[in-house]
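The next block holds one structure in the form of structure tokens; read it before the comments.
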Amino acid sequence: MDLKLPHIIRDYVEASNAHDVEAILACFSEAATVRDENETLHGKAAIKAWVVKTIGKYDFHFEPLRIHEDDGEILLAVSVSGTFPGSPIALDYQFTIAEGKISSLSVE
């Protein structure tokens, strides 16, 4: 990973690539939200279920491409490869960070 990523996002990407569910969850605040695949999840229990499901379904790997920061929002373009049609694809991960944790993540 050559991009200079904020610490918590670097931790999220590394934990995701390792498929380390607990390390991924540690990146999120207790009341965090995740929006992915037309679904909005609230709180760590729902996020944990999403993480476990997506690891099992897609066996994904992230390669950060570009980062843009604006007013507390961080947009990370990511090449995502895995066990899905069209792999790899480019997705935008939009993060909101509060108190050193991910408070919001939207995947588009």
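Which residues, counting only those in the stretch 5-20, are within 12 Å of the chain's Cα centre (by Cα) and part of a helix (DSSP H, G or I)? Result: 8, 9, 10, 11, 12, 13, 14, 15, 16, 17. Yes or no: the stretch 40-50 includes at least one residue that is in a strand (DSSP E or B), in contact with a strand residue (DSSP E or B) (Cβ under 6 Å, 6 or more places away or on another chain), crowded, with 16+ Cβ neighbours inside 10 Å and not aromatic (Phe, Trp, Tyr). Checked against the condition, which is being in a strand (DSSP E or B), in contact with a strand residue (DSSP E or B) (Cβ under 6 Å, 6 or more places away or on another chain), crowded, with 16+ Cβ neighbours inside 10 Å and not aromatic (Phe, Trp, Tyr), the stretch 40-50 yields at least one hit.
Screening the stretch 51-91 for residues that are of a type in the set (Asp, Glu) and more than 15 Å from the chain's Cα centre (by Cα) and picking the one that is surrounded by the fewest Cβ atoms within 10 Å (Cβ to Cβ) gives 71. Determine if the stretch 29-37 includes at least one residue that is of a type in the set (A, V, I, L, M, F, W, C), modelled with pLDDT of 95 or more, closer than 19 Å to residue 98 by Cα and not in a strand (DSSP E or B). No, the stretch 29-37 contains no residue that is of a type in the set (A, V, I, L, M, F, W, C), modelled with pLDDT of 95 or more, closer than 19 Å to residue 98 by Cα and not in a strand (DSSP E or B).
Filtering the stretch 53-70 for residues that are aliphatic (A, V, I, L, M) and either on the phi > 0 side of the Ramachandran plot or not in a strand (DSSP E or B) (or both) leaves a non-empty set. Inspection of the stretch 87-100 finds a residue satisfying the criterion of being of a type in the set (S, T, N, Q), modelled with pLDDT of 95 or more and in a loop (DSSP other than H, G, I, E, B).
Just to be sure before I move on: is residue 16 closer than 17 Å to residue 102 by Cβ, small (Gly, Ala, Ser) and in contact with a Phe, Trp or Tyr (Cβ under 9 Å, 6 or more places away or on another chain) in the structure I sent? Don't jump to the end; show me each part of the working.
Details: closer than 17 Å to residue 102 by Cβ: yes; small (Gly, Ala, Ser): yes; in contact with a Phe, Trp or Tyr (Cβ under 9 Å, 6 or more places away or on another chain): yes.
Considered against the rule, which asks whether it is closer than 17 Å to residue 102 by Cβ, small (Gly, Ala, Ser) and in contact with a Phe, Trp or Tyr (Cβ under 9 Å, 6 or more places away or on another chain), residue 16 comes out as yes.
The values are calculated or read from the model by the stated rules, or taken from the named source; none is laboratory data. Keep in mind that what you see is a predicted model, and the values were worked out from it rather than measured. Backbone-built Cβ (ideal geometry, glycine too); neighbour counts: all protein chains shown.
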